[in-house]
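See below for the structure under consideration.
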Amino acid sequence: MRHTISVLVENEFGVLSRVSGLFSGRGFNIESLCVAETMDPQVSRMTIVTSGNDQIVEQILKQLNKLIPVLKVIDFTGVDTVDRELVLVKVNAEGDGKQEVLRLVDIFRARIVDVAPRCYTIEMTGGEGKVTAFLQMLRPMGIREVVRTGKIAISRGM
Amino acid sequence: MQMTGAEIFVKALADLEVDVVFGYPGGATIHIYDALFRNVKVRHMLCRHEQGAVHMADGYARASGRTGVCLVTSGPGATNTVTGLATAYMDSIPVVVFTGQVPTLLIGNDAFQEADIVGISRPCTKHNYLVKETKDLARIMKEAFYIASTGRPGPVLVDMPKDVLAASARYDLPKEVSLRGYRPTYEGHQRQVESAVRLLLSGERPVVYAGGGVILSNASGELAELSHALSLPVTTTLMGMGAFPGSDPLSLGMLGMHGTYAANMAISNSDVILAVGARFDDRVTGKISEFAPHAKIIHIDIDPTSIQKNVRVDIPIVGDVKDVLRKMIKLVKGKKEATAYQGKTAAWRGQIVSWAKTHPLTYKPSKGKIKPQYVVEQIHKLTKGKAIVATEVGQNQMWAAQFYSYEQPRTFLSSGGLGTMGYGLPAAIGAQVAMPGRLVVDIAGDGSIQMNIQELATAVQYRIPVKVVILNNGSLGMVRQWQELFFEGKYSQTCLPHIPDFVKLAEAYGAKGFRAEKTEQVPEVLRKGFAADGPVLIDVITDPGEMVYPMVPAGAGLTEMLLV
């Protein structure tokens, strides 16, 4: 099962390698990982998407907690969250395809951020399902390159 | 007051009450060695190899309970400590290793004697540091000792660039350590403890499975008290030898791959297991799906990651073993349930006694060749069970665990988790430095001893009177045993035809050498060797065909033991 884990860490060098080393050293999988500073410049937040059975995920959470620069670990499974991913797509835009791309950009509330003679670069944010659907719709036009940030998540309410 | 990094280092060691540092100098640490030269408080012991230095710090820590300290230079000095770090990490031993590093500006430039030791040691340390500014050095040292010795102990490495040691700053050693990401849980949850006692008392076939955590927590007294209050049979892991007196009628000895028949049968037929400071290692459980099929499990451990890692646990208790055992004792001691419980479990104890009687630890004595088990028994007899015993790894280690009865904690020093050959001699030296009045014996094999034999020079230089007994079977016995049992006796690369003359070797180093070649010589040679001054190496030529039994083959269930 997939889990989104939010980890607050000391904002110091080497923490990312401690976290990623924990995963690689124990054969755990990282599907995506985002890191950035929080409101407190001394603290960073990592959002990690991983998968495994309950026992593996329990170990991951405990092992993360055991790292000394790790301040807090939250498993978002079963928690009501808003999650988003940012994606940049370079897609062919020629002939009739141009109109189709523009229509999809409109429907998905995306934005064109760069225009070249034969392609557009599109910026789009959304939940996982929306991103996947968007890329699927663009595929027939010919996607040249995709860059995704990986998922970030925040709990709802409170 | 302004001081150089090197002076801060030496002063902080003294203020942290470090009495001895095991080390080896080099270019990156030369400022420290200059500062050490002028100091009177911290003793530096010069080893002959950095691996030896870490094992000495480790042996010092295991024997005394204090944190062991090691100081080496950058690059190869640092990488040579990795095996020692991994050894200490697997066995949760508090050690702090200080490494020199190339100057900050050169880091990453493939400078001379540069190694990314912080990166290399990350998976085999509890935590590690690169000191970037001189002003941080004292604080980091304080934190390093705190992290190494608290919670589940473990090794910490501090990497110190040369320019940081040369530059000056104000000496500022904090009184307290505050790490918001590190707050070990010492107190066991009271309601969990109550549930554990209820579960324990509900059973009829209990076993206590005690590991190294009991020793690390200094909780042997509590373990004995609880065990006696309820007449609980106790089996220990290799790391737990000495946590419960081996001669106690409730002691089952060691369990696992080379455990006693009684211990393995008891675990396999139990209905409640009280696991105390142990981690269900594969050498203990055998085939995990067949491990203790009828048992409910209570697991006490200070490290939450140890719980539910290998086996499903019914009642987990995160906390210091000592605190949790005290709480349990309070709930049962002198209560009438305890008496009723002892009655209810009497038949079970009878069953265990009969297992122990039908298949005790034993070997076939022989007139011709010396049996290694006999040698260990003789060491036990001669030392009256009061020595501190270090071991190397392999058959010698298992026989040392099986045929010497350990009555006190911190008297059996062995690389249990990592299984590091070459551990025993330096560990024995470290233990002897910590415990100058005690008799320290290294039970060795002819293979293992050669992995850190150079430390004999250290022992001679500082007149450290360790007694090394080599069970010399001319082979890498444990691997040979596996080849004998599971690879049709094809002894691939396990015969050691060119073994040095250990007596002459000892003498070449300036130590004393003795040899026994016949069974009847053993007691006298041991007596002479142990009575001799200074470091002694005793070469005992043993039967190469002898194997360690019982044995649970790898991947088999615990009840599938090969017996003598």
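The eigenvalues of the Cα gyration tensor, multiplied by 5 and square-rooted, give region B:308-419 an equivalent ellipsoid with semi-axes of 34, 21, 16 Å from largest to smallest.
For B:Lys364, the lysines whose Cα comes closer than 28 Å to its Cα, not counting residues fewer than 8 places off in the same chain, are B:Lys381, B:Lys384, B:Lys386, B:Lys467, B:Lys490, B:Lys518, B:Lys528. For chain B, the solvent-accessible area works out to 38 Å² per residue, with a probe of 1.4 Å and every protein chain left in place.
Atom-type composition of the exposed protein surface of region B:338-450 places 59 percent of the accessible area on carbon and sulfur (1.4 angstrom probe).
Among the residues of A:64-77, the average count of other protein chain beta-carbon atoms within 10 Å of the residue beta-carbon is 3. The Cβ shell under 14 Å around B:Ala346 holds other residues with a net charge of +2, Lys and Arg each +1, Asp and Glu each -1. The orientation-averaged shadow of the Cα convex hull for region B:437-564, equal to a quarter of the hull surface, comes to 9.6 nm². Scaling the Cα radius of gyration of region A:83-158 by the globular reference 2.2 N^0.38 Å produces a ratio of 1.14. The orientation-averaged shadow of the Cα convex hull for region B:78-194, equal to a quarter of the hull surface, comes to 8.8 nm². Residues of region B:110-128 that lose at least 40 Å² of accessible area (1.4 Å probe, protein heavy atoms only) when the other protein chains are present, relative to their chain alone, are B:Arg122, B:His127. With K and R counted +1 and D and E -1, the other residues having a Cβ less than 14 Å from that of B:Asp442 yield a net charge of -2.
Share of carbon and sulfur in the accessible area of region B:48-204 stands at 50%, probe radius 1.4 Å.
Out of all Cα-Cα pairs in region B:1-105, roughly what percent, to the nearest whole number, are more than 19 Å apart? Roughly 40 percent, rounded to a whole number. Other residues whose C-beta falls under 14 angstrom from the C-beta of B:Ala554 contribute a net charge of -2, scoring Lys and Arg +1 and Asp and Glu -1. For the listed peptides A:22-35, B:433-446, a ranking on the average number of other beta carbons within 10 Å per residue, highest first, reads B:433-446, A:22-35. The protection proxy used here, the mean number of other Cβ atoms lying within 10 Å of each residue, ranks peptides B:350-357, B:98-105 as follows, highest first: B:98-105, B:350-357. A P(r) calculated from all alpha carbon pairs of region B:240-297, with 10 Å bins opening at zero, reads 22, 61, 17, 0 percent. Taken across both chains, chains B and A shield about 1600 Å² of accessible surface from a 1.4 Å probe. Here chain B has an Rg and Dmax of 24.1, 72 Å, counting Cα atoms alone. In order along region B:401-409, the phi-based Karplus estimate (6.51 cos²θ - 1.76 cosθ + 1.60, θ = phi - 60°) of 3J(HN,Hα) comes to 6, 7, 10, 10, 8, 8, 9, 10, x Hz; Gly and Pro are listed as x. Structure note, pairs B:Lys287/B:Lys327; A:Lys66/B:Lys287; B:Lys41/B:Lys175: Cα-Cα distances above 23 angstrom occur for B:Lys287/B:Lys327; A:Lys66/B:Lys287.
As a ratio to 2.2 N^0.38 Å, the alpha-carbon radius of gyration computed for the protein assembly as shown takes the value 1.09. Between helix A:128-138 and chain A there is an angle of about 30 degrees, using the helix long axis and the longest principal axis of the Cα atoms. Helix content alone sets the calculated 222 nm mean residue ellipticity of the protein assembly as shown: runs of n ≥ 4 DSSP H residues at -39500 (n - 2.57) each, divided across all residues, give -10500 deg cm²/dmol.
Overall, region B:462-564 carries a charge dipole of about 400 debye about its Cα centre when +1 sits on the Cβ of Lys and Arg and -1 on the Cβ of Asp and Glu, all other atoms neutral.
The values are calculated or read from the model by the stated rules, or taken from the named source; none is laboratory data. Owing to the predicted nature of the structure, the values given are computational and were not obtained by experimental measurement. With ideal geometry, Cβ positions are generated from the backbone for all residues, glycine too; neighbour counts draw on all protein chains shown. Heads up: the accessible areas ignore ligands, DNA and RNA and are worked out on the full protein's heavy atoms, side chains in. Shrake-Rupley method; radii C 1.70, N 1.55, O 1.52, S 1.80 Å.
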